[in-house]
Amino acid sequence: DDPRLQVTYDHFRRNYRDIYRAAADAGAVLVPCTVAVNLRDNPPFASAHRAGLSPEAAGFFDTDFQRGLSLLGDGRVTDAAAAFERCLNRDKSHADAHFYYAKCLELAGLSPVAAGDHFLKARDLGPLRFRTDSGLNAVVRELFSDPNLGRCRLADVESGLSEAAPGPVKLPGDEFFHEHVHFTFAGNYEVAKILFAAI
């Protein structure tokens, strides 16, 4: 919720417009890409409580969060999910709580759509952003989905890798990434197919 985040998006949008103009002036066909990241198997690098959360509520949250991690480690996925759900009822801005709740839903085979939503929130709420978030990818799609940009071919790597992901939660994980952003051979291959189609 830091207002400087919107400034970052605005600068990114302006930079991309400049890149498009430079490509157009040179007569080049531009192939901009959205950026895929490891959503299912890489937790956020940091989490923060929402502003104004009372010390008492934070204490209950932390107790439930540690209990959830312990239950998840013991394979008691449904009980762990309940603990993380209690956390989110107290603080919906905590990135790790979203991630581990999503992981529980995925492992238990419960609501793949809800699991996907929580994985995405975990990425977008993390205060330490080493992964491209939905706001930056939205800028790429917004600028380059215009059919009037004839010499531009969007390569939606994020969507393509999600479609190629195995399992019911259609988001990429360790099958395509070594860690948070660097591709495995399989990930590079899928990205190459998406780029080839655009080119």
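The order of Glu56, Glu190 by accessible area, most exposed first and with a 1.4 Å probe, is Glu56, Glu190. To the nearest ten degrees, helix 77-90 and the longest principal axis of the Cα atoms of the chain are 80 degrees apart. For the chain, a Gaussian network of Cα nodes joined below 10 Å ranks Ser70, Ser93, Ser159 by mean-square fluctuation, and the top entry is Ser70. A cut-off of 5 Å between modelled amide H atoms, ignoring neighbours fewer than 5 places along the same chain, links Asp41 with Asp174.
Mean projected area of the Cα convex hull of segment 60-139, taken over all directions, amounts to 5.4 nm². For the chain, the alpha-carbon radius of gyration amounts to 1.16 times the rule-of-thumb value 2.2 N^0.38 Å expected for a compact globular protein. Relative contact order for the chain: what percent, with Cα pairs under 8 Å and sequence separation of 6 or more? Dividing the mean separation by the residue count of the chain yields 29 percent. Averaged per residue, the chain has 53 square angstrom of accessible surface, using a 1.4 angstrom probe with ligands and nucleic acids left out. When Arg123, Arg13 are compared by accessible surface with a 1.4 Å probe, the order from highest to lowest is Arg13, Arg123. Stretching Ile199 away from Thr184 to a fully extended chain increases their span by 3.2 nm, per 0.36 nm per residue minus the current alpha-carbon distance. Of Cys33, Cys152, the order by accessible heavy-atom surface (1.4 Å probe, DNA, RNA and ligands excluded), from most exposed downward, is Cys33, Cys152.
Considering only Ser134, Ser111, Ser162, the mean-square fluctuation computed in a Gaussian network model of the chain, springs between alpha carbons under 10 angstrom, is largest for Ser111. Accessible surface of segment 57-183, 1.4 Å probe: 55 percent of it comes from carbon and sulfur atoms.
In order along segment 92-97, the phi-based Karplus estimate (6.51 cos²θ - 1.76 cosθ + 1.60, θ = phi - 60°) of 3J(HN,Hα) comes to 7, 9, 8, 4, 4, 4 Hz; Gly and Pro are listed as x. Which of Gly135, Gly73, Gly173 ends up with the largest GNM mean-square fluctuation for the chain, with Cα atoms connected below 10 Å? Comparing Gly135, Gly73, Gly173 in the GNM, the peak value goes to Gly73. Could you pull out every one of the lysines with an alpha carbon less than 22 Å from that of Lys103, ignoring same-chain neighbours closer than 8 positions? Here the lysines satisfying the reach criterion relative to Lys103 are Lys92, Lys121, Lys170.
The values are calculated or read from the model by the stated rules, or taken from the named source; none is laboratory data. These numbers were taken from a predicted model, which means no experiment stands behind them. With ligands, DNA and RNA removed, areas are computed over all heavy atoms of the protein, side chains included. Shrake-Rupley method; radii C 1.70, N 1.55, O 1.52, S 1.80 Å.
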